[in-house]
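Peer 1: My questions will all concern the structure given below.
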Amino acid sequence: MSAKLRLSIHSYWGAEMTAGAPVARWAHPTRSSAAIFQLKASGLRLARTVAQIGRAPPRLGRPADRAVFAAVAGAIATPLWSGAAAERAFDEGKVHNLRRAAMSLDGLLIPAGATFSFWRQIGRPVRARGYVVGRMLREGCLVPSEGGGLCQLSNDLYRAALEAGCQVLERHPHSRIVPGSRAEAGADATVAWNYVDLRFSPDRDLLLGVKLTAESLQVSLHARAAAPAPRRADPKDVAPLAFARSCASCDEVDCFRHESGEVATGGHTAFVVDGAWPEFTRYVAGRRGEGDVIALPLDGRRWGRARYGWETAGFSEVIEAPLQAARRALAWRTTPVQGPARRLAEVRTSAAIAAALAPRLGPKITDLAVSQSLAPFLWRGGWLGGRTFRVLMSRLPIADLEARLDAAFAAHPDRATLADYRAHAWLVESEAEALAAAEAVVTPHAEIAALFGARAVRLPWDAPPAPAWTPGAGVIAFPGPTVARKGAYEVREAARRLGLAVRPLGAQLEGQGFWDGVRIAPPAGDWLAGVAAVVHPAVVEEAPRRLLAALAAGVPVIATAACGLDPHPGLTLIPPGDADALTAALGRA
């Protein structure tokens, strides 16, 4: 950058030049000074644009394999929230802007010798691209500005680049000290679209990581090997800098930028949900507060879809996915598909719903309750960063689920449906990361809750009305569906040994002739009529609704711990995949 342009930038930030060093001063902002500021900024933007014609650094991409970048070359974490009540609204805006910028940077590969440019990668931070109003340093004051707050990210990138031994090609210090920032140590790097940039170049391939936890911004650079890199010294800024003034606390009430009004009192919760389990609807209804929102694929009550029948009264806003995503949410549930096709349709639908809802979760949303089906996609997209969140869990984590199915398939390789679908590795990883970062998991399922210890919020199962039961002998009901993971093979084997009739209540997924050699007792009216017991020796089970109804009616139930039930009179628990244990339990029943 030319000396003339550097002088213009220092002048722009409100600093005098004395013996080559900027000396901080502060002048009362006026409308004319603001107009001059905008005029200078426009000229500098134009100058940078012209200077970069044909010479702009290329946009960086993401590597095919991120796992090879295992060595941390440089890392820093800084707090997201100032803790000042007067700044709360702008903290929320800043965090939202950091969240949006992190989506553009996380996972980038910076090849050896390449130039990383902050603005080349992020682009212009305007509302049309998802950015909101935060704080920006202008004319010695911290003022509201669209896209404000990104200097925290540039500060941390600069520090991480120095630790990783990168050559800093362009860096500009702030003209004022922002309390709590790197400017206090003279190790900061300000940015302003597009002429005040941060640029650096590594001497080896580096992977950039930018993530937000609920409390901090985490920036890191990763190398393939832990070879030591030359640590670059911080170029300390010798100019005496004054602290920046904030419009939220400044007593210059006659300034044209002065703000007045009520102080923000904190963020709100969004309930980002999919299927409406009765346990979760009660939980949401009991947790919602003033200003909270509910985001769902579609309003099931309005459209007559019981699966999405969430109670929406009392929320300040009901966010529905756009029509296209809502249609996708319904498509697989109205199309007669099973097995791998159904699982794949569920994944694609959840991805579409998450993508439709996430951009509408504004900066005021600082806390989330998220359905498990949507959590991996929101996490992978960066939408959970800078927020506390809980996951409403309806099934085992994918990693645990697939490990259990793999073990069952290894024991019974003839049961092909045990291996008919496995999730992509990125989906398994994203869900695991989201669950690890969650403040809590919320579930009525006993086995799932046990996986998370103190972080589990255990809900009671919904107590269904007791159905009519006419006791009988020699007939067992099997909630099904007829598929290996629900214990169908064990039920068939026990029925053959004991000469029992089976009443299958779900879809037939194991092919024609599966029940050959077993007498089938189709339901005539009520499904419990003439039943001696209900059996469900499942390998995995999400919602044991039939079992809960049977227990409410006083029917003996034989199931596995995978069904998620607590000890109950009339409930016998057996190991999954064990036909002998099922036969013995039926004999005793």
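Peer 1: In this structure, does A47 turn out to be part of a helix (DSSP H, G or I), aliphatic (A, V, I, L, M), more than 25 Å from D156 (Cβ to Cβ) and in contact with a Leu (Cβ under 9 Å, 6 or more places away or on another chain)? Spell out the reasoning first.
Peer 2: Working: part of a helix (DSSP H, G or I): yes; aliphatic (A, V, I, L, M): yes; more than 25 Å from D156 (Cβ to Cβ): yes; in contact with a Leu (Cβ under 9 Å, 6 or more places away or on another chain): yes.
The answer is yes for A47.
Peer 1: Within the set of pairs 6+ apart or on separate chains, which have a first residue in the range 350-368 that is within 16 Å of S430 (Cβ to Cβ), a second that is surrounded by fewer than 19 Cβ atoms within 10 Å (Cβ to Cβ) and hydroxyl-bearing (S, T, Y), and C-beta atoms under 9 Å apart?
Peer 2: What qualifies is L368/T388.
Peer 1: Right, another one. Of everything in the range 540-566, what is surrounded by 23 or more Cβ atoms within 10 Å (Cβ to Cβ) and either of a type in the set (S, T, Y) or touching a Ser or Thr at 6+ places or on another chain (Cβ under 9 Å) (or both)? Give them in sequence order.
Peer 2: Those that are surrounded by 23 or more Cβ atoms within 10 Å (Cβ to Cβ) and either of a type in the set (S, T, Y) or touching a Ser or Thr at 6+ places or on another chain (Cβ under 9 Å) (or both): E541, V557, I558, A559, T560, G564.
Peer 1: Report the residue count in the range 424-451 for those that are open to solvent by 20 Å² or more (accessible area, probe 1.4 Å) and assigned to a loop (DSSP other than H, G, I, E, B).
Peer 2: Residues of the range 424-451 that are open to solvent by 20 Å² or more (accessible area, probe 1.4 Å), as a first pass: 424-426, 428-429, 432-433, 436-437, 439, 446-447, 450-451.
Imposing the further condition that a residue be assigned to a loop (DSSP other than H, G, I, E, B) reduces the set to 424, 439, 451.
Going through the range 424-451 one residue at a time, the tally reaches 3.
Peer 1: Does the range 135-143 contain at least one residue that is of a type in the set (G, A, S), modelled with pLDDT under 90 and touching a helix residue (DSSP H, G or I) at 6+ places or on another chain (Cβ under 6 Å)? I'd like the intermediate steps shown before the answer.
Peer 2: The first filter runs over the range 135-143 and keeps only residues of a type in the set (G, A, S), leaving 140.
The next check asks that each one be modelled with pLDDT under 90; those that pass are 140.
Filter again for touching a helix residue (DSSP H, G or I) at 6+ places or on another chain (Cβ under 6 Å), leaving none.
So far as the range 135-143 goes, no, none of its residues is of a type in the set (G, A, S), modelled with pLDDT under 90 and touching a helix residue (DSSP H, G or I) at 6+ places or on another chain (Cβ under 6 Å).
Peer 1: When only residues in the range 63-90 that are among the charged types (D, E, K, R) and touching a residue at least 12 places away in the same chain (Cβ under 8 Å) count, which is surrounded by the fewest Cβ atoms within 10 Å (Cβ to Cβ)?
Peer 2: Taking the range 63-90 as the starting set, the residues that turn out to be among the charged types (D, E, K, R) are 65-66, 87-88.
Filter again for touching a residue at least 12 places away in the same chain (Cβ under 8 Å), leaving 66, 87-88.
Numbers: R66: 15, E87: 21, R88: 20.
Only one residue tops the list, namely R66.
Peer 1: Kindly list the number of the only condition in (1) exposed (fewer than 14 other Cβ atoms within 10 Å of the Cβ); (2) over 45 Å from the mean Cα position of the chain (by Cα); (3) in contact (Cβ under 8 Å) with a residue 12 or more places away in the chain that fails for D526.
Peer 2: Among (1) exposed (fewer than 14 other Cβ atoms within 10 Å of the Cβ); (2) over 45 Å from the mean Cα position of the chain (by Cα); (3) in contact (Cβ under 8 Å) with a residue 12 or more places away in the chain, the lone unmet condition for D526 is (2).
Peer 1: Could you tell me which numbered condition P235 fails, if it satisfies all but one of (1) in a loop (DSSP other than H, G, I, E, B); (2) modelled with pLDDT under 65?
Peer 2: Checking P235 against (1) in a loop (DSSP other than H, G, I, E, B); (2) modelled with pLDDT under 65, the one that fails is (2).
Peer 1: Only one of (1) at pLDDT 70 or above; (2) open to solvent by 70 Å² or more (accessible area, probe 1.4 Å); (3) among the acidic types (D, E) is not met by E279, so which one is it?
Peer 2: Condition (2) is where E279 drops out.
Peer 1: Next up: Suppose we filter the range 334-385 for residues that are in contact with a Leu (Cβ under 7 Å, 6 or more places away or on another chain), under 28 Å from L405 (Cα atoms) and either part of a strand (DSSP E or B) or open to solvent by 40 Å² or more (accessible area, probe 1.4 Å) (or both); how many remain?
Peer 2: Adding up the residues that qualify gives 3.
Peer 1: Considering the range 120-145 alone, what residues qualify as being over 23 Å from the mean Cα position of the chain (by Cα) and under 16 Å from V95 (Cβ atoms)?
Peer 2: Those that are over 23 Å from the mean Cα position of the chain (by Cα) and under 16 Å from V95 (Cβ atoms): R135, M136, L142, P144, S145.
Peer 1: Then there is this: Has the range 53-62 got at least one residue that is at pLDDT below 80 and surrounded by fewer than 16 Cβ atoms within 10 Å (Cβ to Cβ)?
Peer 2: Our first condition is that a residue be at pLDDT below 80; within the range 53-62, this holds for 54.
Still in the running and surrounded by fewer than 16 Cβ atoms within 10 Å (Cβ to Cβ): 54.
There is at least one residue in the range 53-62 that is at pLDDT below 80 and surrounded by fewer than 16 Cβ atoms within 10 Å (Cβ to Cβ).
Peer 1: Still on this structure, I have one more. Please go through the range 91-132 and pick out each residue that is open to solvent by 20 Å² or more (accessible area, probe 1.4 Å), in a helix (DSSP H, G or I) and more than 18 Å from Y158 (Cβ to Cβ).
Peer 2: R100, M103, R127, A128, R129
Peer 1: If a residue must be among the aromatic types (F, W, Y) and within 26 Å of V502 (Cα to Cα), how many such residues does the range 454-487 contain?
Peer 2: Taking the range 454-487 and keeping what is among the aromatic types (F, W, Y), we get 461, 469, 478.
With the extra rule that they be within 26 Å of V502 (Cα to Cα), the set shrinks to 469, 478.
Going through the range 454-487 one residue at a time, the tally reaches 2.
Peer 1: Of the residues S104, S117, which is over 22 Å from the mean Cα position of the chain (by Cα) and hydroxyl-bearing (S, T, Y)?
Peer 2: The match here is S117.
Peer 1: Take the residues in the range 452-473 that are over 16 Å from R395 (Cβ atoms) and charged (D, E, K, R); name whichever of them is most open to solvent (accessible area, probe 1.4 Å).
Peer 2: Among those residues, the one meeting the criterion is R455.
The values are calculated or read from the model by the stated rules, or taken from the named source; none is laboratory data. Model, not experiment: these values are computed from the prediction. Note: ideal-geometry Cβ built from the backbone for every residue, glycine included; neighbour counts use all protein chains shown. Note: areas computed on protein heavy atoms with side chains; ligands, DNA, RNA excluded. Shrake-Rupley method; radii C 1.70, N 1.55, O 1.52, S 1.80 Å.
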